[in-house]
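To start, the structure under review is shown below, and the notes come after it.
The values are calculated or read from the model by the stated rules, or taken from the named source; none is laboratory data. Being a predicted model, the structure only gives us computed values, none of them experimental. Neighbour counts run over all protein chains shown; Cβ positions are idealised from the backbone, glycine included. These accessible areas exclude ligands, DNA and RNA; they are computed on the full protein's heavy atoms, side chains included. Shrake-Rupley method; radii C 1.70, N 1.55, O 1.52, S 1.80 Å.
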Amino acid sequence: MEEHSKLPLLPEAFLSFLEKNGIDPSIYTASDSTPRYLRLKPGTEGELEEIEAEIKCKLEKVNWLPGFYSLPPDVLIANSKSYLDGKIYGIDAASGAAVSVLKISPGDHVLDLCAAPGAKLCMMLDLLGDSGSVTGVDVARHRLAACKTMLQKYSLGDRCRLFVADGSTFSLAPVSVDSLSRSCESAFGENDEIFREWTSRRPWKERKRAAKAREAKSLQLVSSSENPELIFYGRQSGVVGLSKNELYKTMSDLEVSSFGYDKVLVDAECTHDGSVKHIQKFEHWGWKTLQRRVLDAERTDSLTVLQLKLLRNGFRLLKVGGLLVYSTCSLTVAQNEDIVEQFLKENASAELQEIDEAKEWPSAACFAATSTRPLTEYRLGCIMADERGVHCDAERSEHWVFLFP
């Protein structure tokens, strides 16, 4: 009875929305008991007891997600020395699951089409090791700037490049070591501007030019017609030594099949109705804001169009044999099953495959079926060469996987 006492706080319009999508409204009363998660930076596992003593909390290992630990929602880590030193960082378990099923290996070229705010990028780069690259793309300049700050804080930006761009039209290739060496050789004698090692202390003229460009952009979000804006690149990201013409050369469909990305994550913009804590914030923001952001039909229609465009473009940039994960934090059929179903109808080479890792996830016996709507908080999908789809309910997180060969 006490759990359901909070339900009247949800407006009738939202309750109707939940009923239409087969979602139990009681999940939105669970934020006080829903744990938070953090990930230890590889190499710091031996300092676990020291970290626990510092934050005055015993961390519980998440057995189904390597490197992850849960902690009570009221424990704060932002002012701890371990956090400030970059030994730990907060990241949702569901986000970690989305990255983990990409099966990133050293040497992979990875693309994150909706990269902000950056925790997933950090995990990708941790998994990547000393070879390969990660390209982060986001349409929101201020949110991508937060990614840059995070990468620099954790010293993980060496193999990463960040572009402010529309993920539904982004077309730049990953940069291989071979193309980098060729670029360095061909750079001499060219008049085109060459990218040198990144530094935040740029020459005054360059800073002034960049400031004018920012002033000229009245909107925070870039349009699909704008060229990608490179706001950060690491020393080993493949950018140093390239000319602008070489960096901004787009790939043809034929080139993508051999030289596209090995792994692509499309963590698409959505209504966020699957995030329990996000929905509860509307108690303070106002339920009218919820109506505009979540329930408005025009808003949701435009989002599903965008989600399908992002998925199509992510697949277009994937090399033959590569793997793509599609994820949202919405529980609605329209933003998940319907998007994937429409995409699969359009792409005969995209097939579903069972998630091997899901066998160790909570409720791993649950299999995908549009007629079953489990009470979950996060949904993801990944495309693989098999004709089966799987989801599981893991710590209120729903996971879907599909792969595109």
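Might you tell me the accessible area per residue for region 228-269, computed with a 1.4 Å probe and given in Å²?
Details: 1790 Å² over 42 residues.
That works out to 43 Å² per residue.
Quick check: at a probe of 1.4 Å, how many percent of the accessible area of region 34-90 sits on carbon and sulfur atoms? Don't skip to the end; give the middle numbers.
Numbers: 1640 of 3110 Å².
It is 53 percent, rounded to a whole number.
Got a number for the accessible area of C160? Probe 1.4 Å, square angstrom, nearest 10.
0 Å²
If I take R0 = 60 Å and measure r between the Cβ atoms of K309 and E47 in this structure, what FRET efficiency does the formula 1/(1 + (r/R0)^6) give, to the nearest 0.05? Before the final figure, lay out each step's value.
Values: r = 44 Å, r/R0 = 0.73.
That pair, K309 with E47, gives E of 0.85.
Counting only protein chains, not ligands or nucleic acids, how are L65, L76 ordered by accessible area (probe 1.4 Å), most first?
On the way: L65 0, L76 145 Å².
The most accessible residue leads, giving L76, L65.
Kindly report the accessible area of region 34-90 per residue (heavy atoms of protein chains, probe 1.4 Å, no ligands, DNA or RNA), in Å². Show your work: numbers first, answer last.
Details: 3110 Å² over 57 residues.
Normalised by residue count, the accessible surface of region 34-90 is 55 Å².
May I ask you to derive the FRET efficiency for W285 and N245 from their Cβ-Cβ distance with R0 = 45 Å, giving the value to the nearest 0.05? Let's see the in-between values first.
Numbers: r = 46 Å, r/R0 = 1.01.
Rounded to the nearest 0.05, the efficiency is 0.50.
Kindly sort E337, E19, E45, E255 by accessible area of their heavy atoms, largest first, with the probe set to 1.4 Å. Kindly include the intermediate steps, with their values, before the conclusion.
Working: E337 15, E19 150, E45 100, E255 60 Å².
Result of the area sort, largest leading: E19, E45, E255, E337.
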